[in-house]
Amino acid sequence: MLKDQIKQYISEHNSDGFAMFKEEKEYVEKNKLAENSQIDLKDPNTRFAGAYIERCDKESENMLKNENSSFLSEPLDYLKKHKNEFIYLESHWFELIGVEAVSLEADDVFGTYDVMLGLKLQKKFEKTLKEHLNTHLHGGEAKFDLMFSHDDGLWNLNFALNYVEGFTEEMTIGEAFLLIYRFLFKLVEAAEEK
């Protein structure tokens, strides 16, 4: 799936040379998908420039406010200061890796930043997903919750962002979503390599 999505992106954007973000560029080079093309790097801070962003109430799940991409420059601890809220983000970049949307919130009990999403991968990838999550999430507590929904054909995945390499409490919300994206990209890539 990932390879097909990346190939489609290349065919839509390739005219002698084009730009990609770091994750996609590394993938293209590793898999030799555009050997005769010049690939420039896009500024990672522009990845979610056109994203659909909502601040929502945890209890009711009602939208409090539709935000633009400037909200992503808020410090991540915004979520700890507004514990009743979660952030819902949709982006075509997440769709590229089989994720419709990502929600991020501060956990009331553990004080972690929890990531919740649905991942479009077949059930047969369960072992690979669990191995990758166990290897790449660093923490002592329950690191993740992964359950396949036969109704949706999706993996419901929840994990604490705090356990992802590169996480710092000082990052912005935008940097947190970039870290989530990179982590999920590597997860999907690992699943497809098996």
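Read-outs: derived from the displayed coordinates by stated rules, not from any lab. Keep in mind that what you see is a predicted model, and the values were worked out from it rather than measured. With ideal geometry, Cβ positions are generated from the backbone for all residues, glycine too; neighbour counts draw on all protein chains shown.
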Check: the range 50-193 dipole with +1 on Lys, Arg Cβ and -1 on Asp, Glu Cβ, in debye: 260 debye
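Above 29 Å lies some portion of the pair distances; for the chain, what is it as a whole percent of all C-alpha pairs?
Cα-Cα pairs of the chain separated by over 29 Å account for 24 percent.
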Shape metrics for the range 2-42, restricted to C-alpha atoms - Rg then Dmax, Å: 8.8, 23
Estimated inter-spin distance, Asp151 and Thr168, nm [label 7 Å along Cα→Cβ]: 4.2 nm
Helix runs (DSSP H) in the chain reaching 27 Å along axis by Cα, Kyte-Doolittle at least 0.5: 173-193
Charge sum, other residues only, whose C-beta stays under 14 Å from Asp152's C-beta, Lys/Arg counted +1 and Asp/Glu -1: 0
Dimensions in Å of the range 69-156 - Rg and Dmax from alpha carbons: 14.5, 40
